[in-house]
1. So if I check each of 307, 320, which one is crowded, with 18+ Cβ neighbours inside 10 Å and out of contact with any strand residue (DSSP E or B) (no Cβ under 8 Å at 6 or more places or on another chain)?
2. Given the conditions (1) in a loop (DSSP other than H, G, I, E, B); (2) without any contact (Cβ under 8 Å) to a residue 60 or more places away in the chain, which single one is not true for residue 164?
3. If I filter the stretch 313-332 for residues that are in a loop (DSSP other than H, G, I, E, B), under 14 Å from residue 276 (Cα atoms) and within 12 Å of the chain's Cα centre (by Cα), do I get at least one hit?
4. Of the residues that sit in the stretch 133-163 and are under 20 Å from the mean Cα position of the chain (by Cα) and more than 22 Å from residue 73 (Cα to Cα), which one is surrounded by the most Cβ atoms within 10 Å (Cβ to Cβ)?
5. Does residue 158 count as in the same structural domain as residue 241 (by TED's automatic domain parsing) and farther than 28 Å from residue 54 by Cβ?
6. For the stretch 291-298, check the following and say yes or no: at least one residue is free of Cβ contacts under 8 Å to residues at least 24 places away in the same chain and either buried (at least 24 other Cβ atoms within 10 Å of the Cβ) or over 11 Å from the mean Cα position of the chain (by Cα) (or both).
7. Could you tell me whether residue 231 is part of a loop (DSSP other than H, G, I, E, B) and touching a strand residue (DSSP E or B) at 6+ places or on another chain (Cβ under 6 Å)?
8. Could you run through the stretch 64-103 and say how many residues are under 16 Å from residue 34 (Cβ atoms) and either exposed (fewer than 12 other Cβ atoms within 10 Å of the Cβ) or outside the structural domain of residue 316 (by TED's automatic domain parsing) (or both)?
């Protein structure tokens, strides 16, 4: 037995270079919200082995939502974006390696290799690679002045434009596009928003919410173009105009592209993991390989509430799914099936959404859209699917407890109904 153990140790040492035989190691690929939470949850679950977290960016884990709002506007210092101070990672013995992208996963050897040639073995592995923005490939898309927004570096590049004056063209009227539009108008820029669909937020909200935000932005001076298809950009080295398929040219100093995001699955695909609108996971955040987990924007998961798979791009989803992944990587059997929720700040308006409204066959409007305080309730066959609450935190709080349960449309529509009574 001694000979066999020694041979095993030597074999492992030979395979992994000068690295000593491993006891327990959890590796996390991705140093964003999900990766940071998973590392913390591993420790909270009693995992006492090594934790190594690889991040592509040179910054430690930070929150992304302010990048289109407070941070972009210069109202929030970079240090306040960070999820934890550096001392936290040292204290909890989390080996955080920033600016160290992973090149590949070898499932057979249970190793990951970085782009600088380092190879590390793992017992458990988490993929938390997020969902980078989709990029345009049209003529002029590579001109200087065409921006995307995902990182602090992206926001830093956009910030000087807010004080430069002129016009910015925003391609896409989703959350990112509209939040940047609001920040740009607050800074005094001329703003044109191009949206191919016939309404804003078409992918994520109902028609009442779309109509409200269209009016909100137009009231703030945004040139909002619906059903407007971009053809290409013009300029020599710097972008000078956006050209629509109709032939119209819109002169501009800068462009922000916000046409959605795509899950980062290249590592998982190369490792032959199951893919289904992102990295496939079960209710335990486990992939098709029992030693590999996935969480956050890159992962899809089964939802009992909606009886289908979901892939969500939100901070709450990243946190809650990572908690489950971290606990289970440490030997637990936690189940993830949280009701999704989101938020967006534009001008002086806060939108809070719980649930997914797709498939609703009935909607109920409560409150006054003109007063900028209302909520829209989405039902399917008498069951609450989702709620959009505009400057109405009370409705949002109740909705978080009711999503997935039976709800009476008549009671919801009656302004006399106390929403809190519906919870009990």
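1. 320
2. That leaves (2) as the condition not met.
3. Looking for residues that are in a loop (DSSP other than H, G, I, E, B), under 14 Å from residue 276 (Cα atoms) and within 12 Å of the chain's Cα centre (by Cα), one finds none in the stretch 313-332, hence no.
4. Only one residue tops the list, namely 136.
5. no
6. Looking through the stretch 291-298, none of the residues is free of Cβ contacts under 8 Å to residues at least 24 places away in the same chain and either buried (at least 24 other Cβ atoms within 10 Å of the Cβ) or over 11 Å from the mean Cα position of the chain (by Cα) (or both).
7. no
8. Qualifying residue count for the region: 0.
The values are calculated or read from the model by the stated rules, or taken from the named source; none is laboratory data. Every value quoted in this text rests on a predicted model; they were computed, and no experiment measured them. Cβ atoms come from the backbone with ideal geometry, glycine included; neighbour counts cover every protein chain shown.
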